[in-house]
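Worksheet: one structure, shown below.
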Amino acid sequence: MTEIARRAAVGIVLAEGPGDLIWASDELREVLKGAPGGTLASILVPEPKGSPSTTASSLDSPWPPPGEERTFRIYGERPRTFILVTLPRHERTGGSPIAILVERPAAPADDVQGREREIYFERAVMDAADAFVSLDNEGHIRGWNDGARRMFGYTAEEVYGRAYDEILVPDPERRSGDLERINGLMLRNGFVRGYETLRVGRDGRMIPVELTITRLFDETGRLAGRSVVYRDISERLRLEAALRRTVEELKEANQNIRRDQQRLLALEKLSAIGEMSARVAHEIRTPLVTIGGFANTLLREIPEDAPAHRYLEIIREEVRRLEAIVSEILEYVRPARTDLDLCDMNEILHSTLRSFVEETTRRGVEVNWRLQEGLPAIPANRYQIQQVFSNLMQNAVQAMQDGGVLTVTTEAGVNHVRISIADTGAGIPEYNRRQIFKPFFTTKASGSGLGLAIASQIVAQHNGTMSFESAEGRGTTFDVRLPLSREAAA
Amino acid sequence: MKPTILVVDDERNIRLLYEKELREEGYDVVLAADAREALGIIEKRKMDLVVLDIKMPGMDGIEALGQILAKNSAIPVILNSAYSSYKDSFLSWSADAYVIKSSDLTELKAKIRSLLDARSER
């Protein structure tokens, strides 16, 4: 009889005297162990419904009349209904009545509304995008919704009863103590929420997930396992990454703006420096005229064999060099000219090279003309274009210390004319190539470093482009492309 | 008879240099330190050619050029400046030549020679 009572599916508890517990069925024993105190009053809380006037303390004294039913919940548990039966005074108990609590079995699911709710709820869980997985206390899979099938690729039949950690937890996560962390959280809090980790699908794909884990109890209130909800956060992570990238891009854009601002400031400074240099250059030019001019005068008056003659020549040479630098600086800082004439590039090239004849002959440089006949005239500032060619030819000739070939080519394209000036000289060393168009960059002993800067500025003002190719020891070719139409050049 | 050249420049050393160099070329040289002085000289004496600086205190060379040509449009004027920028100004186009100042006076002397030759041919 006792054995039957002990193993009963319903909870049975006996109390005597003022409510001291004397016996409980297995099913309730676990629950009651954790309860404070050892009396019925500290364990059972009367349910307001069904027995409005009854309190647990009324169990102390007086006992309710025999046969009366009351409803309680066990302290800290889900509501369970008990029937309190008070037995009359008994010899063995020394006169106190014995209270027997028998759990009333749950009502059969004849509640249509409740059943309907359950169906809707089940469907919602089954069809949810999130994966709902329930595990028993041993960690075997007992529930597997459609979301889980879609997320991990296994059907419910395939995984039922299998250990979830073997199926879903990837090795690296296992090794990094992922499961230990989760169990620790469960022990500490009784639940896990918003835990981010990786799980693996059937196809080996790593799925970033966010876990929500709660304890599961069966109908009798016994811990039956865990319910795990997996939310696929790959989209969220992707968006977060995109957001981070956007933030990075914005940061970079911001930095660029700041850098541009600083560049603008630097440019303003440069233009102020430009104005200044122009003023200084003009101021310097006049005394140079008189120094060099009088040196020339004296040169005529002093006999050629006098030592002073040689010194005056040096003065004259140096003054000419200074004047050349002043001219180049003024050319560089000069505002753009807008008046354009139709110019014949072949003719300008010929007339420009004339001023180098003496130098090419001296250096043994051969000139190879490859000019296209009937080249269309293009709108340009003749004086400036001549300056460009002059600077390029000067560089080409000076690059050929021991002679070589200067090739001058013209060619008409669809909407531009290409002029190329090639030498067979030393070439531009790799490390200098990025700098050659910068003002004041020079490799020559006596250059101002403005030649190519001026040339590229002029070409740019004509809406043209200038490029070069160079091979060390084999020579350099400069290509200038100028637009054919006036609109493009203006 | 030697042609007479009027040199107008506010820089004393330039005036001295041009005076010496142009005399050696065989010209009579008259000097003026500013535009007003130059205009006064032109009213009193016949000049065969004017070498005119542009940037000068008071009246500048471009304005002086207009007044000189108003008095005598036949007189050749060479604008002679340390600046190349005035070349672009259409006001300077009415001058017969524009020579940028240089210690090498070859170009200036050649321009003077050719302008005087052209004049004597007429």
Taking the stretch A:215-244 as the region of interest, how many residues are in a loop (DSSP other than H, G, I, E, B) and either among the basic types (Lys, Arg) or touching a Phe, Trp or Tyr at 6+ places or on another chain (Cβ under 7 Å) (or both)? 1
From the list A:Phe217, A:Phe132, which one is under 24 Å from A:Leu237 (Cα atoms) and either touching a residue at least 24 places away in the same chain (Cβ under 8 Å) or touching a His at 6+ places or on another chain (Cβ under 6 Å) (or both)? A:Phe132
If the requirement is being surrounded by 14 or more Cβ atoms within 10 Å (Cβ to Cβ), free of Cβ contacts under 8 Å to residues at least 60 places away in the same chain and either outside any helix (DSSP H, G or I) or not hydrophobic (A, V, I, L, M, F, W, C) (or both), which of these qualifies: A:Glu210, A:Glu118, A:Glu166? A:Glu210
A:Thr360: passes all of (1) surrounded by 14 or more Cβ atoms within 10 Å (Cβ to Cβ); (2) within 14 Å of chain B (Cβ to nearest Cβ) but (2)
Considering only the stretch A:391-401, how many residues are crowded, with 20+ Cβ neighbours inside 10 Å and touching a helix residue (DSSP H, G or I) at 6+ places or on another chain (Cβ under 7 Å)? 6
Looking only at residues in the stretch A:256-315 that are in a loop (DSSP other than H, G, I, E, B) and among the hydrophobic types (A, V, I, L, M, F, W, C), which one is farthest from the other protein chains (Cβ to nearest Cβ)? A:Ala306
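Only one residue in A:Tyr154, A:Tyr195 is among the aromatic types (Phe, Trp, Tyr) and part of a loop (DSSP other than H, G, I, E, B), so which one is that?
A:Tyr154
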So A:Gln394 ticks every box in (1) closer than 14 Å to A:Glu347 by Cβ; (2) in contact with a Phe, Trp or Tyr (Cβ under 8 Å, 6 or more places away or on another chain); (3) modelled with pLDDT under 90 but one. Which box is left unticked? (1)
Return only the number of the condition from (1) within 30 Å of A:Ile329 (Cα to Cα); (2) more than 14 Å from every other protein chain (Cβ to nearest Cβ) that A:Leu237 does not satisfy. (1)
Working only within the stretch A:316-327, note down all residues that are within 12 Å of another protein chain (Cβ to nearest Cβ) and either out of contact with any Lys or Arg (no Cβ under 6 Å at 6 or more places or on another chain) or surrounded by fewer than 19 Cβ atoms within 10 Å (Cβ to Cβ) (or both). A:Arg316, A:Glu317, A:Glu318, A:Val319, A:Arg320, A:Arg321, A:Leu322, A:Glu323, A:Ala324, A:Ser327
Scan (1) under 16 Å from A:Ser420 (Cα atoms); (2) more than 14 Å from chain B (Cβ to nearest Cβ) for the single condition A:Gln401 breaks and write down its number. (1)
Take the residues in the stretch B:1-47 that are in a loop (DSSP other than H, G, I, E, B) and farther than 18 Å from B:Gln67 by Cβ; name whichever of them is nearest to the other protein chains (Cβ to nearest Cβ). B:Glu11
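The values are calculated or read from the model by the stated rules, or taken from the named source; none is laboratory data. Every value quoted in this text rests on a predicted model; they were computed, and no experiment measured them. Backbone-built Cβ (ideal geometry, glycine too); neighbour counts: all protein chains shown.
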